[in-house]
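Reading through the structure tokens given below for one structure.
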Amino acid sequence: MILKEQNSSMSGLHILISAAAIVIIIVGINLAQSVVVLFLISFFLALLGTPPVLWLKEKRIPSGFAVLFVMSCMLVIVLLIGLQIGISFGSFSDELPLLQSRIREQVLDFIVLLQSKGIVVKEVFFLEYINPESIMRLTADLLTGLSSVLSDLVLIMLIVTFILLEVSSFPIKLRVVLGDPEQKFPQFIKFASEMKRYMVIKTFMSLASGIVLTFWLYILGVDYPLLWGFLAFLLNYIPNIGSIIAAIPPVILAIIQLGFGSALLVAVGYIVVNFVEGNVIEPRLMGRKLGLSTLVVFLSLIFWGALLGLVGAILSIPLTMTLKFAFESNESTKWIAVLLGPEKFEEHPVAISIKKKRI
């Protein structure tokens, strides 16, 4: 009896210590947010640069030249996009006060129209609870925060370069550390391959969505189409709600600039592009699901977004998938991986292994 009580108290103490350690880690990450975000962006770009580097090395091109070529291409692309987006964002910021005043005028005219139809609506409802001016200001703040992160572009590119130089030798070093030159790391290789596949496909799909929407807005005559296309590309990484958030600013701008008819066409364009991408093209390219439940996807978006800001929200899925892989790799934490897994428990690898043991 005494032994059971001691074991129970030790188990409770272990849980308490683990919870305290998790809280300390979360607080530390939050305090070091700028540094963590810097490294996350670097690893994200390195993940995108790894396939072309390995392909060039397979063609017997030296590692240094392969990395130099890939980094040069990435730098040119980032600078060209950054220059064009910077010009559009500068114009948008300069005209933001005028846009906000025009939004207020449109809202007041709409209230008058509703009152003429016998619908009594207080101004405070539109100007405070549903505030289009704040949405445009938040959009500007979001893009300003992103530009401040990209101000460390030189440091980010240096980190990416060193990661790409080490990518092929890392498995060899890990085998040396473990003292087993024949170690294959099948689970880690599978996870890394799935992660790389997800990020590459998601990036190309987001880029395609951004390009299509940029042309659509340009055809309709909405101001700053390149800026809104870039915002669509960026927020498309955020699951479920990213594409909806990206559509709000251009729809509001279309209302005050071109009227409700054009705003409706803008909204239809976003709906069609995101439906085709999310329900037709992306599932076929991805092949399989992420292995995360819908609830976990939504909660991870809130958690990583609150912890790391916009970059955390964008990378919420890869970060959660990494945690899930870490939990699956340890027998004592596999139950957490099961909780993070899909709604159909039968599809989870742990469930499959349990079934095999029972058989």
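Throughout, read-outs are computed from the coordinates displayed, never taken from laboratory work. What you see is a predicted model, and the numbers here were worked out from it, not measured in a lab. Neighbour counts are summed over all protein chains in view; Cβ atoms, including those assigned to glycine, are modelled from backbone coordinates with ideal geometry.
So which chymotrypsin sites (Phe, Trp or Tyr not before Pro) in the range 69-117 pass both tests, a DSSP loop state and at most 16 other Cβ atoms within 10 Å of the Cβ? If you can, show how the numbers build up before the last one.
On the way: sites: 69, 89, 92, 110; in loops: none.
When the chymotrypsin sites (Phe, Trp or Tyr not before Pro) of the range 69-117 are filtered for loop state and at most 16 Cβ neighbours within 10 Å, nothing remains.
Holding the Cα-Cα limit at 22 Å, pick out from 59/202; 202/324; 59/190; 57/202 the pairs that are longer than that. Please list the in-between numbers first.
Values: 59/202 26 Å; 202/324 19 Å; 59/190 24 Å; 57/202 24 Å.
Long pairs (Cα-Cα over 22 Å): 59/202; 59/190; 57/202.
Please compute the length gained on full extension between residue 330 and residue 69, using 0.36 nm multiplied by the number of residues separating them and subtracting their Cα-Cα distance.
Taking 0.36 nm per residue and subtracting the Cα distance, the gain is 90.0 nm.
Give me the distance in nm between label points sitting 7 Å out from Cα along the Cα-to-Cβ direction at residue 294 and residue 203, one decimal.
Reported label-point gap for residue 294 and residue 203 is 3.0 nm.
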